[in-house]
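Asker: Provided herewith is a single structure, encoded as structure tokens, for subsequent inquiry.
The values are calculated or read from the model by the stated rules, or taken from the named source; none is laboratory data. Just so it is clear, the model here is predicted, and its values are computed rather than measured. Positions of Cβ are generated from backbone atoms using ideal geometry, with glycine treated the same way; all protein chains shown enter the neighbour counts.
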Amino acid sequence: MNALDIASWYFDAWNRRDANALVSIFAQAGAYSDPTTQSKLMSLSDEAMEEIRQKSRETAYEMLKMEGFIGLVTARIGDRAITISAWEHPDDPRQLMKGEAHGAAIQRFFAGASASSAYPSVWAPERINTLWARCNACLKMNNSETSVGVCACGARLPEPAPHW
């Protein structure tokens, strides 16, 4: 295949919105530059992704012992690894800076040995909507703020979970 064939294949796949065909064009651990966005997308090797998973696991075990830690969600979307942790107070994640596993992961990141970018941040809720609780007797949903723990059918509502 010559460069023109590859470009035609790419544009055809793009126009069909065929993500699998688009991905198949690129080499493992390759880089894609887009002059319109002036940025580079890097593909991580399977080994790099596995290292990120392992460092995340080690950090998660550390987090279980930290004050104010509520929970953790991790996901991988293509080459993007996403971590969302929930804490009781916006200052609680600062404990991570003293954690051995998190410290090792940060060192690997800044040494260029793992991810190509990161967007660490702390988000505070703008609005938290009503917690709805299902009645075990009649199966109707109840507004936990206005029901005072009792369903309209008279049954006691289950205790709501303390956090999400």
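Asker: I'm trying to understand the selection: among the residues of the range 72-89, which are over 19 Å from residue 50 (Cα atoms) and surrounded by 12 or more Cβ atoms within 10 Å (Cβ to Cβ)? Walk me through how you get there before you give the answer.
Answerer: Step one: filter the range 72-89 for residues over 19 Å from residue 50 (Cα atoms), giving 85-89.
Of everything in the range 72-89, those that are over 19 Å from residue 50 (Cα atoms) and surrounded by 12 or more Cβ atoms within 10 Å (Cβ to Cβ) turn out to be 85, 86, 87, 88.
Asker: Does the range 126-135 contain at least one residue that is at pLDDT 90 or above and surrounded by 11 or more Cβ atoms within 10 Å (Cβ to Cβ)? Full working, then the answer.
Answerer: Applying the first criterion (at pLDDT 90 or above) to the range 126-135 yields 134-135.
Keeping just the survivors that are surrounded by 11 or more Cβ atoms within 10 Å (Cβ to Cβ) gives 134-135.
The answer is yes, given that some residue of the range 126-135 is at pLDDT 90 or above and surrounded by 11 or more Cβ atoms within 10 Å (Cβ to Cβ).
Asker: Another question, if that's okay. Do the conditions hold for residue 59, that is, is it of a type in the set (Val, Ile, Thr), surrounded by 15 or more Cβ atoms within 10 Å (Cβ to Cβ) and touching a helix residue (DSSP H, G or I) at 6+ places or on another chain (Cβ under 7 Å)?
Answerer: Details: of a type in the set (Val, Ile, Thr): yes; surrounded by 15 or more Cβ atoms within 10 Å (Cβ to Cβ): yes; touching a helix residue (DSSP H, G or I) at 6+ places or on another chain (Cβ under 7 Å): yes.
The answer is yes for residue 59.
Asker: Of all strands (runs of 3 or more DSSP E) completely enclosed by the range 60-164, which ones contain at least 1 residues that are hydroxyl-bearing (Ser, Thr, Tyr)? If you could, list the steps in order and put the result at the bottom.
Answerer: On the way: elements: 69-77, 80-87, 132-134, 141-143.
It comes to 69-77, 80-87.
Asker: Scan 105, 101 and give me the residue that is closer than 18 Å to residue 84 by Cβ, assigned by TED's automatic domain parsing to the domain that holds residue 82, at pLDDT 90 or above and surrounded by 13 or more Cβ atoms within 10 Å (Cβ to Cβ).
Answerer: Values: 105 fails: at pLDDT 90 or above.
One residue alone meets the criteria, 101.
Asker: Quick test of your reading of the structure: residue 152 fulfils all but one of (1) farther than 26 Å from residue 46 by Cα; (2) of a type in the set (A, V, I, L, M, F, W, C); (3) in contact (Cβ under 8 Å) with a residue 40 or more places away in the chain. Name the failing condition by number.
Answerer: Going through the list (1) farther than 26 Å from residue 46 by Cα; (2) of a type in the set (A, V, I, L, M, F, W, C); (3) in contact (Cβ under 8 Å) with a residue 40 or more places away in the chain, residue 152 breaks only (3).
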